[in-house]
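Single-structure report; data block below.
Values in this text are rule-based calculations from the coordinates and carry no lab data. Remember, it's a predicted structure, so these values are computed and weren't measured experimentally. FYI the Cβ positions are ideal-geometry reconstructions off the backbone, even for glycines, and counts take in every protein chain you see.
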Amino acid sequence: MAMVKMTVYQWRDIMRVCGSVMSNYESDNPALRYIDICFHDEFGGYHVAYGSNGYQISRVIFQCDTDDIPWGYHLLIPAMKTPARTRSVEIHLDDDAKEYDIVFLDEDNDIINAVRSLFADASPLDYKSFFKKAHENFDQYNHGEGKYCIAVNPKYLLSALEGFKSCDNVILNFGSLVQPFTIRPGDDSMNAEALILPVRKQW
């Protein structure tokens with residue numbers, strides 16, 4: 001039986017970054033209901049997890065121990081909460097039975113909880129090509145940094161966007177790399193504007 005083992009920190013990164021994207025929208029595409037974990041991808045022996053809602057894609061590149069996992073193997077798993085006291089996570093794959101177990105272990109390697117699931121009835125999307133095209137566009141400018149690159153404290157950005165959740169869309173206006181940028185509604189639902197100062201990036 002093939003097996004994967006990772007630390008709780010790697011697992012939480014995957015759930016936080018990829019799982020949170022999926023929780024924002026409901027989709028009719030069954031593949032968008034799962035986090036796609038691809039093992040032994042193009043990142044020099046690292047692995048990659050993708051999450052998408054059809055409008056945005058997030059990924060986490062991570063390391064973990066694998067045993068008998070084929071190159072390029074995809075596992076689609078739902079986003080899930082991590083039990084308290086978890087220190088590591090194991091995934092046991094049974095291709096014959098078309099099912100897998102996710103096992104949460106404490107610091108003594110005792111099982112806290114285990115979840116058994118059937119393989120998802122969906123095909124993984126080609127997330128790699130989306131990132132490849134985006135990075136090819138960025139690579140045309142400033143050694144891969146893109147035509148414009150602004151650093152911002154994510155807490156400030158998220159708190160500003162929180163005030164515009166009722167809008168169908170928002171508009172971000174940028175004047176320069178070091179001057180404040182604005183967020184405003186993309187419709188006439190309200191007359192509001194947020195101003196956010198970028199932080200200086202060490203180049």
Report task. Report, in degrees rounded to the nearest 10, the 0 to 90 angle that the Cα long axis of helix 127-138 makes with the longest principal axis of the chain. Result -> 30 degrees
Query raised in the report: log10 I(q)/I(0), Debye, Cα-only the range 78-193, no solvent, q = 0.14, 0.16 Å⁻¹?
Result: -0.94, -0.96
Query raised in the report: On full extension of the chain, what length is gained from Asp28 through Asp121, given 0.36 nm per residue of separation minus the C-alpha to C-alpha distance?
Result: 32.2 nm
**Report entry** Model label zone, Leu161; criterion: amide N under 15 Å from point 7 Å along Cα-to-beta-carbon; scope the range 53-81
**Finding:** 53-59
Report task. Using 0.36 nm per residue of separation minus the Cα-Cα distance, give me the extension gain between Asp95 and Lys201 in nm, one decimal. Result -> 33.5 nm
Query raised in the report: Which order, highest average first, do 100-111, 186-197, 4-15 follow once you tally other Cβ atoms within 10 Å for each residue and take the mean per peptide?
Result: 4-15, 100-111, 186-197
Report summary line: Cα-based Rg then Dmax for the range 148-196, in Å, read 10.9, 30
Query raised in the report: So which of Lys81/Lys147; Lys128/Lys201; Lys5/Lys165; Lys128/Lys165; Lys98/Lys155 end up more than 32 Å apart by C-alpha?
Result: Lys81/Lys147; Lys5/Lys165; Lys98/Lys155
Report task. Please give the contour-minus-distance gain from Asp13 to Tyr55: 0.36 nm per residue of separation, less the Cα-Cα distance, rounded to one decimal in nm. Result -> 13.1 nm
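Which order do the peptides 80-92, 167-179, 50-62 come out in when sorted by mean C-beta neighbours inside 10 angstrom, highest first? Please list the in-between numbers first.
Working: 80-92: 16.0, 167-179: 11.9, 50-62: 18.5.
So the peptides 80-92, 167-179, 50-62, ranked by packing, come out 50-62, 80-92, 167-179.
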Report task. Enter the mean projected area of the convex hull around the alpha-carbon atoms of the chain, in nm², rounded to one decimal. Result -> 14.1 nm²
Requested in this report: Determine the calculated [θ] at 222 nm for the chain from helices alone, applying -39500 (n - 2.57) to every DSSP H run no shorter than 4 residues and normalising by the residue count; nearest 500 deg cm²/dmol.
Outcome: -4000 deg cm²/dmol
